Every structure is written in C-alpha cells, then in structure tokens.
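> The structure's right below; bear with me while I get my questions together.
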Amino acid sequence: MSTLFKLIIISYLCVISFEINAQKPQPTIEDFFKNPKFSNLQLSPNGKYLAVLSPINDRKNIVILETEGLKNAKPVTKFDDQDINNFSWANDNEIVFDLDSNGNEAFSLYKINVNTKRAKVIELVGSKVGSSGIRSASIVHMLPNDPDHIIIQYNGRNIKAPDLYKLPLNSKWDRKHERNYKMDIIAKNPGGYQGWLLDHDGDVRGALSIDGLRGKFYYKNKDEEKFRVLREYNIEDENITPLAFDFDNKTLFVSSNIGRDTSALYYFHPEKNELGELIFGMPEVDVSNLMLSIKRKKLLGVKYLDEYPEVVYFDTETAQMMASLESAFKDKVVNVTSRSKDEVLNIVYVGSDTDPGHYYLYDKAKNTLKSLVSPMDWLDKSQLSPMKPIKFNSRDGLTIRGYLTIPKDSNGKSLPLIVNPHGGPYGIRNTWGFNPETQFFASRGYATVQVNFRGSGGYGRRFQQAGYGGKWGSEMQNDLTDAVKYLVSEGVVDPKRVCIYGSSYGGYATMAGLTYTPEIYKCGINYVGITDVSLLFDSLPKHWEPQRELLKKQIGDPDDEALMKKISPLYHVDKIVAPLMIVQGAKDPRVVKKHATDLRDALEDRGIVLTDDEWIMKDDEGHGFQKEENKIELYTKIEKFLNKHL
C-alpha cells in the first residue's frame, strides 16, 4: 500500500474518532434531505476542469472549478426555480444539461459555454406539454470524437415515435416556431421504434420496436441504408437485449436469458444472427452493466447487484488499480464515476450504507489519490445505521430477498417497523447503500424493511413474471405481509407497531396494505401512489402507448371491470381503519393527481377528513418531490405523523 493511501486512511479514522467522541445531537430532517453540497462530479474531457452540482439559490446548479487545487470555483448556472439533475461535458468548453418543467417530465436540452466571461444558458431543444401529449428530448450519444455535435432523441414529430437527430452545439431553439433549424434528422421513426442502437462512431445501426406483445430487433451494417429484421420475439419470452457494440463496431455485447432464467452477458454476432460466447453470468441475479474503456477500446468488467454491489474485472490493469484503491477503503464500495478522455484522471467515489460518500481524484500516471469533497459532510457517520440483507420464504415457497435497517443504538428487538415497498414495480429492485430515508427513520427509532417482492427486477425472468397477471394486491402484497410476519417471528418487530409507506407502486402497496390487510398496519403514507388501476390505464401518457399491451399483461386487463375493482384500493376504502397521509405532485404525468383527490373524496364520504398535515398536494411537483423545501416539509410532516401513530 502506498504512503499516500496510508495517510488518507489515518486522516479518515481520526475524523471518525473525533466524531464519536463529540457525541453530536440527533441529525435534523434538513441533515438528511437538504441538497448535497456536491454531487455528480464530472471531469472535462481534457481533465482541466471539474463540474459539479451544488446548491446555488437553493437549487442544484452547475459549478465548475479547476481540477488542480480545486480553485477558481464559479457557478455557471443560477436557476432559482428548479434543479438541474443531469449534465454532461460535450467538449472541453461546453456542458449540455436537461430540465423539466416542475415535474411534468417534459425535458428540454440546454448548453452553456463555461469558459466565456459571462456564461449564457442557451436552449437547444424545447419541450412541450399539451393535449397531444408530452414532447421531450434526451441525449443518446455524446460523439466524443466530434466536439461540435451530439445525437439526441426527440418525439416532436410523433409523440409515440421518437426520431434521432444530429444536433449542432452552435444552434438554438426558436421558441416561436418550436424548432431548431440546424438539427438534422438522421433516423426517422416509422412508428414503432422505442429504442435505438448506435455504434462507437455514432452511426445508427439498430432499433427495437414493440407492437402489442411482439418485439422486433432491426439491424443494418455500416454500408447499408435500410434496416432488416434480425429477430422477432414475444417480449415476455427468452430474448437478447443489445447493450453496446464491441470496438470492432461489428460484434455486440448483449444481455440474454436464452436457455437460462437470469440474464447474462454474451457476445452476439449480428451477421450470423447468432448468440456467441458467454462472457459472464450468475445463477440467481441478472447481469447487464458493462464497464468499457473508450481509450483502450476494451471491455474492462461487469457490475451486478446481488445482496451487495459486485464487480468482476476482465482487465488485469483495471483489476490491479481497483484492488489498490479498495485496499485503502475497507468495507466500502469504490467506484470510478468519471474519467478524462485519456483516462489518466479518475473521479473515485467511496461510500457505504453508513457513509453518504466522499469523492477523490486518482491520477493513474502518478499513482496518487487526492481528497476532493464530501457530498454530505455534516452527517455523523457514527450515528448511521447498517442496512443488512435479509432472505425468507413466502407462503407459497418463493425465496424473497430484501434489506432491513435497524436503529444503530437499539437492541434490535420488538421495534416499530416501516414497510417501505419500492416503486415500479417491474424491473425495479431495492439495493444496498446509503439511503437518506431509511437512515432518517432509523435515527427516529424505526426499523425499515425494503422487500424485493415478486415482480421485482434483477432476479431472473421467472421471479419477475411471478408478479404478472392480476397479482397486484394479492400475491405481490402477500410478500410484504410475509416479510412482516417473518420479522415478527424473529423477534425484531413489535406486531402492534407496523406502518407502511411507499411511493408510486409503493404508494399503491401502501393502500393495498391498508385495505386488504388492515389488521397489520397502524398507519400508512401514500406518496404519489396508484389508487385506481383503471385510471392508471385511462391516463397513460401518450408516449407510453406502445407499452399498453405489455402493461395489460403485467398488471391485468383494464377491460376486466371486476378485476380492476378487485385490485384497486379506491373501491375498498371502507376497510381502512388506520390513519393515512396522502402526498401528491399536481403535475405528475404517471400517477395523475386524480388518484389522490378521488381517494380523499372517498374518505370524506365516510366522514374521514384529512388534516393539513395528512394531505400534501404540491402544484410545482410531479412524480416525487424534487425541490428541497418541499422535501423538508414532507419529512417534517412524516415525522409528526409517525410520532403520533407509531
């Protein structure tokens, strides 16, 4: 181990020792939910500058500083009405970022030249929300070898069928005529394409379409003009999912579950239409995340999620570098999150379930590691609670996994419990790591269980499809109930003090818990949750229409009125006996506000009137609160609600 690494470790341990001895007071709500000082650190291609998101005007804005010495910091955006969440360096001088309009998920693209004396934000592609649907833009390829252009996806011509455009950075959006005259369409969507495949040169080489439950994979060689159908498949069956081209721009890396249950990483040869060599797979969890080196034109390794985040390296040089870094930070997750174009300078993130993280700068040429910034340095890590993987059997014999966070200073017995189901629900799963919500609950004395119930992603096709076909409110909900019973049987949980809280599908599961198993829960918090499944289909965003048949297969047929009423908590409010909090963003395009208002009205018809602390409707939010002041208000009211009822 290098002397530098030893010095960093000594400094790190001294800080922890000091914090333990200082015995800081209980963290505040602001400590957990105010915007981090620094996030999303990204190096410019030449490595000279570091761009970060940092609170300016109480919003996340882009700040740049010189990488050497972290000096001459300056904010280059100063939005005061909404946060920037995503940005990318387009070249050494220009950053491209997106913004939506207060939660409606209509994303516009902007750029800013960070090296001009007075940096000016320029709109590149505008978005629009109207009766015809949501028009929105997103970046598809940064064209690292073409600093003057990027490739974007935009559904301005057809809401349901986004086209691909080559967008010059020296252009701007004409708001009056709602167009950018310099952006050129490079792939026109015939009407069914939902995803595009580009090679490393930025050439369009493939597309994926959905028609009902049938999918097609289109492909063409570099010298061909028209796509040909390479594969046609039922989207529920075994299949391949293209991930990226290998650096010959001929062979593909794909994720496939052909002949197996979990998805694994393979080579695929499109010329032969043939699945090639297995690169890496796991028997119980899916593998699909590639680690590629653009500079060295090489697959470095793969990342996957088991109980903990895992990495397998195929490249000796990378394996040795990461082993050296990991040896400096025992029991931490160490990830390279950004690199200069020559891959000499690397931003390294180090964190864990009880550590919101710290960023370092690793210089590969000098083999030096320098401390940069901590996103949430005000949190005392010694006060944070570990997140532990759990596993149990459901009532019908499925192995169900999840995570349990227990208050650090408790004896771990007879605790009040918050059941926190994830959103989605399909293809999504809970993961191990720092989670401000579970840490907030633990700091207040509550255990939290996060269950990867059937239907969750990451555990293979059979496990996900076990949640298909009318399983909302029944088998999927049973997995949550069985988790509570398991923790009660283990002596961890007091069965008389259990609350359920979730957002999106988790909000649905909250309402399903209160209506279908009211004897289990003392209270519930429904955050942007579905209450009427028929309404979910009726209000489906128009750009989601190609997914309708798949959603019908997954959730249930909306034409089956009996099923819709059976699985919709709105029709079972007479079963609710526990106190309820309802939280909603008025601009939510996914779970429209009628879900919340209909539920409130149904409760009022029964004589149950929610207080101002139990009803939160924000006009400037969408599918989950983004603004700092709204989040702090939300969790302040959640704390009050839980204190009263749990």
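> Based only on other Cβ atoms within 10 Å, what is the fewest-to-most ordering of T510, T318?
Values: T510 31, T318 18.
Final ranking by Cβ density, sparse to dense: T318, T510.
> Give me the distance between the Cα centres of the range 458-506 and the range 83-106, rounded to whole Å.
The two parts, judged by their Cα centres, are 36 Å apart.
> Peptides 112-118, 490-496: what's the order by average Cβ count within 10 Å, highest mean first?
Working: 112-118: 13.1, 490-496: 15.7.
Per-residue Cβ counts within 10 Å, averaged per peptide and sorted highest first, yield 490-496, 112-118.
> For the range 385-645, restrict the atom set to alpha-carbon positions and state the Rg and Dmax in Å.
Rg and Dmax of the range 385-645, Cα atoms, are 17.3, 52 Å.
> Which entries of K471/K575; K391/K413; K575/K640; K566/K627; K160/K226; K188/K250 have Cα-Cα distances beyond 27 Å here? If you can, show how the numbers build up before the last one.
Values: K471/K575 20 Å; K391/K413 18 Å; K575/K640 24 Å; K566/K627 36 Å; K160/K226 21 Å; K188/K250 23 Å.
From the list (K471/K575; K391/K413; K575/K640; K566/K627; K160/K226; K188/K250), the Cα-Cα distance tops 27 Å for K566/K627.
> Given an 8 Å cut-off on Cα distances and at least 6 residues of separation, report the relative contact order of the chain as a percent. Walk me through the intermediate numbers first.
Working: 1450 pairs, mean separation 64.9, N = 646.
Relative contact order here is 10 percent.
> Quick one: Cα convex hull volume of the range 192-310, Å³ per residue? Before the final figure, lay out each step's value.
Numbers: hull volume 13.6 nm³, N = 119.
Spelled out: Cα convex hull of the range 192-310, divided by residues, is 115 Å³.
> What size of dipole, in debye to the nearest 20, comes out for the range 385-645 about its Cα centre when the only charges are +1 on Lys and Arg C-beta atoms and -1 on Asp and Glu C-beta atoms?
On the way: 35 positive and 33 negative charges, 202 e Å.
It comes to approximately 960 debye.
> How long are the semi-axes of the equivalent ellipsoid of the range 302-460, taking √(5λ) for every eigenvalue λ of the Cα gyration tensor, in whole Å from largest down?
Working: eigenvalues 208, 87, 30 Å².
Computed over the range 302-460, the values are 32, 21, 12 Å.
> Tell me, L53, L361, L208 in order of fewest to most beta-carbon neighbours within 10 Å? Let's see the in-between values first.
Details: L53 26, L361 21, L208 18.
Lowest to highest Cβ neighbour count: L208, L361, L53.
> Okay, next question. May I ask for the Rg/Rh ratio of the range 508-623, computed from Cα atoms with Rh as the Kirkwood radius, given to two decimals?
Values: Rg = 14.2 Å, Rh = 14.6 Å.
With Rh from the inverse mean 1/r over Cα pairs, Rg/Rh is 0.97.
> If you don't mind, another one. Could you give me the radius of gyration and the Dmax of the chain, taking only the C-alpha atoms into account and expressing both in angstrom?
So, for the chain, Rg and Dmax equal 25.0, 70 Å respectively.
> With respect to the cross-link table entries K34/K618; K78/K120; K542/K631; K48/K117; K522/K618, which display a Cα-Cα separation exceeding 21 Å?
Working: K34/K618 18 Å; K78/K120 10 Å; K542/K631 29 Å; K48/K117 17 Å; K522/K618 26 Å.
Among K34/K618; K78/K120; K542/K631; K48/K117; K522/K618, the Cα-Cα distance tops 21 Å for K542/K631; K522/K618.
The numbers here are math on the coordinates, done by the rules we state, and not lab data. Everything quoted here is computed from the prediction, not taken from an experiment. Note that we place each Cβ from the backbone using ideal geometry, even for glycine, and neighbour counts take in every protein chain shown.
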